[in-house]
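J.: Below you'll find the structure I mean.
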Amino acid sequence: MSLNSRSKRYKNLVKEFLSEENEILKLSDSIDKVLSLSNCNFNSTLELVVNLGINPKYSDQVLRGSTVLPNGSGKKVTLLAFVEAKDVDTAKQAGADIIGDVEYIDELAKGKKIEFDVCFAVPSMMSKVSKCAKVLGTKGLMPNPKLGTVSADIENAISDIKKGRVSVRADKGGIVHVGVGKADFGNEKIKENILHVINYLKQSKPKGAKGVYFKKISLCSTMSPSVEIDVSDCIVWGLKKYV
């Protein structure tokens, strides 16, 4: 999106931001900076953007998975669960908002309005769910074991999704976008979520990745300019916390 098409508020933020020394900031300082720029009239989401030294067009450099943020994402998730009849109560108690049956699958396949954010299924239901794979797939909602949305452990899987399981996936350019919390989380909780994602990326480094892995790390909030974070500072903090 070009700057000219942005709102007056955003243009003023950019003007203010660029009038200062545009340096690469330490992790805590970058969070404070983004929070100061997050002046919209709602609780904005902070997004971590990580440029990785990978080329996902090669099968040994694909990165796709999910992880549970220690402080959650702050996002209210509406969850559809496809489970066997005997497991309906378990799914509801775990936090499922909608229980999908065969009739629901047929309705989705015929174009029923999607009113959920995440779709979960037990393995035994996947053959039935495949009937609406085209609809769910185009929306990025098809259940997938790598994303934690296909599991026989109904209680823990649904609980993790509701608490803050996020998708971690590199796009065609090797860039990962992850929401790491809301503005009202404050510095420490956001920092903890960021470090968790960074360490997840380290542990999930594709076998075919060569050279510099973390090329650039940035943080921004909804409708605000992005701030570049010192990569080495992220790694150092990660070592302090996780090693």
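The values are calculated or read from the model by the stated rules, or taken from the named source; none is laboratory data. All values derive from a computational prediction rather than experimental measurement. In this analysis, Cβ positions are derived from the backbone assuming ideal geometry, glycine residues included, and neighbour counts consider all displayed protein chains.
J.: Do you know which residues across region 142-155 are modelled with pLDDT of 95 or more, surrounded by fewer than 19 Cβ atoms within 10 Å (Cβ to Cβ) and not hydroxyl-bearing (Ser, Thr, Tyr)?
T.: If the condition is that a residue be modelled with pLDDT of 95 or more, surrounded by fewer than 19 Cβ atoms within 10 Å (Cβ to Cβ) and not hydroxyl-bearing (Ser, Thr, Tyr), then Ala152, Asp153, Glu155 are the ones that fit.
J.: Does region 73-108 hold any residues that are part of a helix (DSSP H, G or I) and basic (Lys, Arg), and which are they?
T.: Across region 73-108, the qualifying residues are Lys86, Lys92.
J.: I've got another one for you. Condition first: surrounded by fewer than 19 Cβ atoms within 10 Å (Cβ to Cβ) and assigned to a loop (DSSP other than H, G, I, E, B). Now tell me which residues in region 37-55 satisfy that.
T.: Once the filter is applied, which keeps residues that are surrounded by fewer than 19 Cβ atoms within 10 Å (Cβ to Cβ) and assigned to a loop (DSSP other than H, G, I, E, B), region 37-55 yields Asn39, Cys40, Asn41, Phe42, Asn43, Gly53, Asn55.
J.: Continuing with the same structure: Restricting to region 109-142, what's the tally of residues that are out of contact with any strand residue (DSSP E or B) (no Cβ under 8 Å at 6 or more places or on another chain) and in a helix (DSSP H, G or I)?
T.: Going through region 109-142 one residue at a time, the tally reaches 11.
J.: Of a type in the set (Phe, Trp, Tyr), assigned by TED's automatic domain parsing to the domain that holds Glu188 and either more than 23 Å from Arg169 (Cα to Cα) or touching a residue at least 60 places away in the same chain (Cβ under 8 Å) (or both) - does that describe any residue in region 98-120?
T.: No, there is no match, as no residue in region 98-120 is of a type in the set (Phe, Trp, Tyr), assigned by TED's automatic domain parsing to the domain that holds Glu188 and either more than 23 Å from Arg169 (Cα to Cα) or touching a residue at least 60 places away in the same chain (Cβ under 8 Å) (or both).
J.: So, one more: Right, Pro206: touching a residue at least 12 places away in the same chain (Cβ under 8 Å), farther than 21 Å from Leu63 by Cα and in a loop (DSSP other than H, G, I, E, B) or not?
T.: For Pro206, the condition - touching a residue at least 12 places away in the same chain (Cβ under 8 Å), farther than 21 Å from Leu63 by Cα and in a loop (DSSP other than H, G, I, E, B) - is not met.
J.: Considering every residue within region 215-237, establish whether at least one is over 30 Å from Lys113 (Cβ atoms), in contact with a Gly (Cβ under 9 Å, 6 or more places away or on another chain) and surrounded by fewer than 19 Cβ atoms within 10 Å (Cβ to Cβ).
T.: yes
J.: Continuing with this model, one more query. In the set Ala96, Ala91, Ala121, which member is modelled with pLDDT of 95 or more and touching an Asp or Glu at 6+ places or on another chain (Cβ under 9 Å)?
T.: Only one candidate qualifies: Ala91.
J.: If the requirement is being in contact (Cβ under 8 Å) with a residue 40 or more places away in the chain, surrounded by fewer than 15 Cβ atoms within 10 Å (Cβ to Cβ) and either of a type in the set (A, V, I, L, M, F, W, C) or in contact with a Ser or Thr (Cβ under 8 Å, 6 or more places away or on another chain) (or both), which of these qualifies: Val212, Val168, Val197? Working first, answer last.
T.: Numbers: Val168 fails: surrounded by fewer than 15 Cβ atoms within 10 Å (Cβ to Cβ); Val197 fails: surrounded by fewer than 15 Cβ atoms within 10 Å (Cβ to Cβ).
None of the other options fit; the residue is Val212.
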